[in-house]
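The values are calculated or read from the model by the stated rules, or taken from the named source; none is laboratory data. Just so it is clear, the structure is predicted and the values come from calculations on it, not from any experiment. Note that each Cβ is placed from the backbone with ideal geometry, even for glycine, and that neighbours are counted across all protein chains shown. Accessible surface is based on the protein model in full, side chains and every heavy atom, while ligands, DNA and RNA are left aside. Shrake-Rupley method; radii C 1.70, N 1.55, O 1.52, S 1.80 Å.
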Amino acid sequence: MNEADVRERLADVRDPDLGDDIVSLGLVNDVEVDEGAGTVRVSLALGAPFSPNESAIADDVREALAGAGLDVELSASIPDDLSADEQVLPGVQNVIAVASGKGGVGKSTVAVNLAAGLSQLGARVGLFDADVYGPNVPRMVSADQRPETDGETIVPPERFGVKLMSMDFLTGEDDPVIWRGPMVHKIITQLVEDVEWGELDYLIMDLPPGTGDTQLTILQTLPLTGAVIVTTPQDVALDDAVKGLRMFGKHDTNVLGIAENMAGFRCPDCGGFHEIFGSGGGKGLAQEHDLPFLGGIPLDPDVRTGGDDGEPVVLEDGETADAFKVLVENVANNAGVVRRRGVSEGR
């Protein structure tokens, strides 16, 4: 068994999203056969840790090499042309923005559950509450602990395995934030540079609603893997969601998909399902713009009480928790598609 033999076997492993085998796609970084030690080491260009589809690729690689008589050691990394000194967040694999065209659609709820859900899968996750004028993530996860600092760097607290940073940590409890654009740019940039995020698989950015200074600063500063657009089913929310899509399009940022929040209400008394804000708006928007539909989240009182009590619904059991788990897996899968496609097209 030599490297050529290993690659021949790996040519039978197909990428479920890109539609070709991993060797032809350039997703095999390196192969090292050590017959003396009885091992074969394979480095794969997989960039979305714990995504179901990338985990399946890894399982298929192990199966393809199972009859080789060697122990299989897998590693995963996406080649980067930049040195660590040149990277903005060298320890962070994926930066995912959660955005909405308007307020009141549950964007922060989706961001919190996305972060907690990725952590539940086993990923190393950070959550940056970048909603400068209305930060509420700390309340939603009952984060009583404040960040620590040595005067130069900021160590974020953790909740549910997620590292947290929020503008709420930097202001008084009831103090309004009245900042102009340059100040917003400065504080966002400082937090990006000074927070000790460490090694993360995913950094979730909860953006303010709309298309203002904070969004532009993040788009110009951070290497986003992609964005999640949150909407509710009715037309007035969809109209504003399109503005968010256009903002990301102008900055060549991948949109990982559309998430529809408040997608119907199941009455606990009669069992009936009521589409209070209409139906199919988010899925229709995704189809119209040829984007993935990440899933619909029902209007559920448990989302509110979970948020107020600090327990993200995705960590519980039930219909709404399952809907969030589907969304989490779809976001991770689509982040992986973006990373792998970048390797394949750039080789």
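Values computed for the structure shown
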item	result
Residue identified as surrounded by fewer than 17 Cβ atoms within 10 Å (Cβ to Cβ) and of a type outside the set (V, I, T) among G67, G101	G67
Positions within the range 141-164 being small (G, A, S) and surrounded by fewer than 19 Cβ atoms within 10 Å (Cβ to Cβ), in sequence order	S142, G151, G161
Hits in the range 92-146 - residues which are modelled with pLDDT of 90 or more, within 23 Å of T320 (Cβ to Cβ) and either of a type in the set (V, I, T) or in contact with a Cys (Cβ under 8 Å, 6 or more places away or on another chain) (or both)	I96, V98, T109, V110, V112, V125
Checking L46 against (1) more than 21 Å from L256 (Cα to Cα); (2) under 23 Å from the mean Cα position of the chain (by Cα); (3) surrounded by 13 or more Cβ atoms within 10 Å (Cβ to Cβ), the condition it does not meet	(1)
Among residues of the range 70-92, those that are in contact (Cβ under 8 Å) with a residue 40 or more places away in the chain and open to solvent by 70 Å² or more (accessible area, probe 1.4 Å), counted	1
Wholly enclosed strands (runs of 3 or more DSSP E) of the range 186-269 bearing at least 2 residues among the small types (G, A, S)	226-231, 255-261
Long-range neighbours under 7 Å by Cβ, at least six apart or interchain, first residue farther than 19 Å from I78 by Cβ and of a type outside the set (D, E, K, R) within the range 24-37, second open to solvent by 50 Å² or more (accessible area, probe 1.4 Å) and outside any strand (DSSP E or B)	V33/M1; V33/N2; V33/E3
